[in-house]
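Written below as structure tokens is the structure these notes are about.
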Amino acid sequence: MFVVATAGHVDHGKSTLVRALTGMEPDRWAEERRRGMTIDLGFAWTTLPSGGTVAFVDVPGHERFVPNMLAGVGPVPAALIVVAADEGWMPQSAEHLAALDALGVAYGLLAVTRADLADPGQATARARAEIAATSLGALPAVAVSGLTGAGLPELRSALDRLAARVPAPVVDDPVRLWVDRSFTVRGSGTVVTGTLGGGRLRVGDELEVAGGDEPVRVRGLHSLGEARPEVTAVARVAVNLRGTPRDRLGRGDALLTPGRFHSTDLVDVRLTGDPAADLPATLTLHVGSAAVPVRVRPLGPDTVRLRLVRPLPLLVGDRALLRDPGRHHVTGGVRVLDVAPPPLARRGAAAARAQVLAELNGRPDLAGELRRRRLVRAGTLLRMGVPVHTAPVAGDWLADPAHWQRLGEQVTEEVARYAREYPLEPGMPVDALRQRLALPDRVLVEALVRPPLRIHAGRVGTASVDALPEPVARAVQRVRAEYGDRPFRAPEADRLVDLGLGPREIGAAVRAGALLRLADNVVLLPDALDGAVRVLAGLPQPFTLSAARQALDTTRRVAVPLLELLDRRGATRRLPDDARIVVT
Ligand SMILES: Nc1nc2c(ncn2[C@@H]2O[C@H](COP(=O)(O)OP(=O)(O)OP(=O)(O)O)[C@@H](O)[C@H]2O)c(=O)[nH]1
Ligand SMILES: [Mg+2]
């Protein structure tokens, strides 16, 4: 289906033309028919000579109803610009064209109506000149009369040619259906309508409502007045929703593919067209069928930050427009550059941000996003509209390659520094390392630890036992063989010498997590700590040093530093009378 929105000044014959082409009444309301004026959007469709279908979104031309007009054209990729031969170019001809230009609409057709009342030549020439300067470029023009029907066959053929030029939508895209109308049908519940610009909808689909937290389910679909099991973009569609309260949804809301959009109230954008130097501080942002007041903070020469009064599901690259409702004036177009911009708290942050934005063009750019965000979840980028085609470094985390390499180097440095500061400990706790590197997720630490580093019992050590120099590994094995059944007896100093375990060898074994150093020349096997806690927990609490020594079957030389280490680890607590308890 080809969807086209009308545009043009009040009374120039838009609805008459749609009626003449389709035989349907676009002015749905009695008040519209009584006043002979379109107030809100109208919908009609017909078959073209090629056999294809064209659906019209007919908009009001009166200046008071420009917001309604914008809700209609927002999601529509093509425009039928209507100018009356007898009246020529008028203020809302210009304002509607400015809106189409701001939204970047690139496909259109000019219909010069009421050609039975005046020669269409002058109106055509002026309109074509005005339009040529916009995103629509040079447009084909057809002179018509809605009254006599003159020119309608030519217009139908021109619509066919236009439909053939409009690029095919991406049907795998996630759905973002901007609601332009909602009503209730007795017995069926809530129905919303909109122009489906990409993706497909099926009966039974689960969708999200932007800003809502409960999913909704598609109970039925209609397109062109018929029930359908599935509707593929581009299409006008009516969606019957299950379990949705009637007043929950209205114009400006959006139905979304779950998990694919993130609603944001802060965006950095580029102004398109001729941005005024003195932009008002508050304007209305029109995007899709939504209209939301925004506060404008200028950043660079053509970039601003917008704070929305209510969040919208926006993507990088979205086109939107800013309008000054007080002055009835389209201020300009915007292209969304960033939907999750950093706060500007520090001095100079705004100027630095302006420099970053100067480099952005609104085309989703994975490498650039990674460079700026350094670490980001794949799902977060997807919800910004940035396609992800690189493998995550851990979990669903993506990393800027240079940053990731720096982090890897920092891991080595931090673990070595920790080993120097706490030589008695078998490595740096993973969480301490995570905090030190300010990493948001533990899986990132785990992915950054590479041989010869390894994680053992929640700590990152500089080497594994296997990586110990051969003589040291052998000496550790012998300690294990000799002391395995007396885990709290430490080898005496001369026995350590016999085993070849001098201070350097012990240091290496400790860093590898193969030995636990309690004091100079006092080492135990690393699992002794847990064993000691188990034994001590079996004592009547609190217990004295002497009771602990006996229970552990060891000497003061081991018991004193062992208990002190357990105190530091929080496994035991020393009471004022020097007795201790096991902390459970
Ligand atoms: N003679 C003549 N009259 C026309 C033609 N097209 C529209 N009209 C008349 O012009 C008036 C306005 O037509 P509409 O179709 O309502 O105009 P519109 O552009 O839809 O107006 P809004 O929706 O209010 O912006 C009506 O009285 C129509 O009968 C035409 O081709 N020839
Ligand atoms: Mg009308």
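Please treat every number below as a calculation from the coordinates, not as lab data. Not measured: the values here are computed from a predicted model. Ideal geometry is used to build each Cβ from the backbone, glycine not excepted, and the neighbour counts take in all protein chains shown.
What the table shows:
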quantity: Shape call, region 1-118: gyration tensor on alpha carbons, a/c limit 1.5; calculated: rounded
quantity: Relative contact order, percent, region 411-532 [alpha-carbon distance under 8 Å, six or more residues apart]; calculated: 28 percent
quantity: Euclidean distance between Cα centres, region 257-321 to region 206-228, Å; calculated: 26 Å
quantity: Cα gyration tensor shape of region 339-425, rounded if a/c is under 1.5, else prolate or oblate by comparing a/b with b/c; calculated: oblate
quantity: Loop-located trypsin sites (Lys or Arg not before Pro) in region 272-335, at most 16 other Cβ atoms within 10 Å (DSSP); calculated: ARG327
quantity: Whole-angstrom gap from region 49-75 to region 550-567, using each part's C-alpha centre; calculated: 84 Å
quantity: Relative contact order computed over the chain (Cα-Cα under 8 Å; 6+ residues apart), in percent; calculated: 8 percent
quantity: Region 330-360-region 367-425 distance, computed between alpha-carbon centres (Å); calculated: 24 Å
quantity: Under the Debye formula (equal points on every Cα, no solvent term), log10 I(q)/I(0) of the chain at q = 0.05, 0.06, 0.12 Å⁻¹; calculated: -0.39, -0.50, -1.11
quantity: Exposed GluC sites (Glu not before Pro) absent - longest run of the chain, DSSP non-H/G/I/E/B, at most 14 other C-beta within 10 Å; calculated: 1-358
quantity: Kirkwood Rh, Cα atoms: Rg over Rh of region 191-280; calculated: 1.09
quantity: R0 of 41 Å, Cβ-Cβ distance ALA358-ALA537: FRET efficiency to nearest 0.05; calculated: 0.05
quantity: Cα pair distances exceeding 21 angstrom across region 453-584, given as percent; calculated: 41 percent
quantity: Relative contact order of region 8-99, defined on C-alpha pairs under 8 angstrom at six or more residues apart (%); calculated: 32 percent
quantity: Surrounding net charge for PRO280, when Lys and Arg each add one and Asp and Glu each subtract one, Cβ distance under 9 Å; calculated: -1
quantity: Total formal charge among the other residues, if their Cβ is under 14 angstrom from that of GLU31, Lys/Arg +1 and Asp/Glu -1; calculated: +1
